[in-house]
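Everything on this sheet refers to the single structure shown next.
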Amino acid sequence: RVPFGPRAPQRIASLTKHVAAAAVLLATDEHRLALDTPIRRLLPELPEWAERVSLDHLLTCTAGLRSDEGLAWLAGHPTGGPADDEYLHELVSRQRSLHAPPGAAFQYVDTGFRLAVRAVERLTERSFDDYAGERLFRPLGLVDTRFVASDAESVPGLATSYLVDPRGRATRYFGLMD
């Protein structure tokens, strides 16, 4: 158990979406890349359907992507969405078709934002943590803020949501994290 306080690192969960969107806007501006750029231009290993999905689609939840939890279930892992971005990328790359045509429907899923993070990394040739730290967090005075790409990454002093089981033991709780 880690006590929660003003300097305790913590997961930002769904706020990651806003950070990813801001980073995409900065990176596309810096590299003179339009938001209607197909993601396959940045992530060529994605299947053919990625030619029709733009960065804008990723940021507006209109890409037609399946949820990370849905992809994990289809892959035979029904216990929840993939916590590791590498595993999610593998699942997305194996997706033969989209859930819906790009731009046709709004579907609130993390998958698009996680692909947007990967696109920023490819575009800037830096880890998202490094890029967001330099371009977003530190200029805002958020010197202790980091982007952690995997639940498996060890972060000293990380304050994590937990539940207390009937025996009084703390158990990590991922239900509050995206």
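The values are calculated or read from the model by the stated rules, or taken from the named source; none is laboratory data. Keep in mind it's a predicted model, so treat the numbers as computed, not measured. Cβ placement follows ideal geometry from the backbone for every residue including glycine, while neighbour counts extend to all protein chains displayed. These area figures cover heavy atoms from the full protein model, side chains too; ligands, DNA and RNA do not enter into them. Shrake-Rupley method; radii C 1.70, N 1.55, O 1.52, S 1.80 Å.
State the percent of C-alpha pairs, over all pairs in the chain, separated by a distance greater than 26 angstrom.
Across the chain, Cα pairs with separations above 26 Å total 33 percent.
Using only Cα atoms and rounding to the nearest 10 degrees, what angle (0 to 90) does helix 111-124 make with the longest principal axis of the chain?
Tilt of helix 111-124: around 80 degrees.
Relative to the first principal axis of the alpha-carbon coordinates of the chain, what is the inclination of helix 15-30, with its axis defined by its Cα atoms, in degrees from 0 to 90 and to the nearest 10?
Orientation of helix 15-30: about 40 degrees from the principal axis.
Return one whole number: the accessible area per residue of the chain in Å², for a 1.4 Å probe.
Ligands and nucleic acids excluded, the result is 57 Å² per residue.
Could you please state how large a percent of the accessible area of the chain is carbon and sulfur, counting protein chains only and using a 1.4 Å probe? Working shown, then result.
Working: 5560 of 10220 Å².
Ligands and nucleic acids excluded, carbon and sulfur reach 54 percent.
Given C-alpha coordinates of the stretch 33-103, what is the ratio Rg to Rh with the Kirkwood estimate of Rh?
Looking at the stretch 33-103, the ratio lands at 0.97.
Between residue 90 and residue 148, how many nm apart are label points set 7 Å from Cα along the C-beta direction?
Distance between label points: 2.2 nm.
All other residues with a Cβ under 15 Å from the Cβ of residue 47 taken together, and with Lys, Arg as +1 and Asp, Glu as -1, what is their net charge? Could you put the intermediate results ahead of the total?
Values: positive: 40, 41, 52, 66, 94, 96, 118; negative: 45, 48, 51, 90.
Overall, the nearby charge balance is +3.
Output the 0 to 90 degree angle, nearest 10, between the alpha-carbon long axis of helix 85-94 and the longest principal axis computed from the alpha carbons of the chain.
30
Under a Cβ-only charge scheme (Lys and Arg +1, Asp and Glu -1), can you give me the dipole magnitude of the stretch 13-105 about the Cα centre, in debye to the nearest 20?
On the way: 8 positive and 13 negative charges, 54 e Å.
Once rounded to the nearest 20, the dipole reads 260 debye.
For the charge dipole of the stretch 1-80, defined by +1 on Lys and Arg C-beta atoms and -1 on Asp and Glu C-beta atoms about the Cα centroid, which residue among 77, 24, 44 has the Cα displaced farthest towards the positive pole?
The Cα lying farthest towards the positive end belongs to 77.
Could you go through the stretch 53-66 in sequence order and give the Karplus-derived ³J(HN,Hα) for each residue, using 6.51 cos²θ - 1.76 cosθ + 1.60 with θ = phi - 60°, rounded to whole Hz, and x for Gly and Pro?
With coefficients 6.51, -1.76 and 1.60, one gets 9, 9, 4, 4, 4, 4, 7, 10, 6, 10, 6, x, 7, 7 Hz.
With θ set to phi - 60° and the Karplus curve 6.51 cos²θ - 1.76 cosθ + 1.60, what are the ³J(HN,Hα) couplings of the stretch 32-44 in order, to the nearest whole Hz, using x for Gly and Pro?
Karplus-based 3J(HN,Hα) across the stretch 32-44 equals 6, 10, 7, 5, 8, 5, x, 5, 5, 5, 8, 10, x Hz.
Quick check for me: using +1 on Lys/Arg Cβ and -1 on Asp/Glu Cβ, what's the dipole size of the chain about its Cα centre, in debye to the nearest 20?
Charge dipole of the chain: 400 debye, to the nearest 20.
By the scheme Lys and Arg +1, Asp and Glu -1, what is the net charge of all other residues having a beta-carbon under 13 Å from that of residue 27?
Result for the neighbourhood of residue 27: -1.
Per residue and in cubic angstrom, what volume does the convex hull of the Cα atoms of the stretch 25-67 have?
Enclosed volume per residue, from the Cα hull, is 75 Å³.
Which one of 166, 14, 57 is farthest out on the positive end of the charge dipole of the chain, using unit charges on Cβ (Lys, Arg +1; Asp, Glu -1) and the Cα centre as origin?
Of 166, 14, 57, it is 166.
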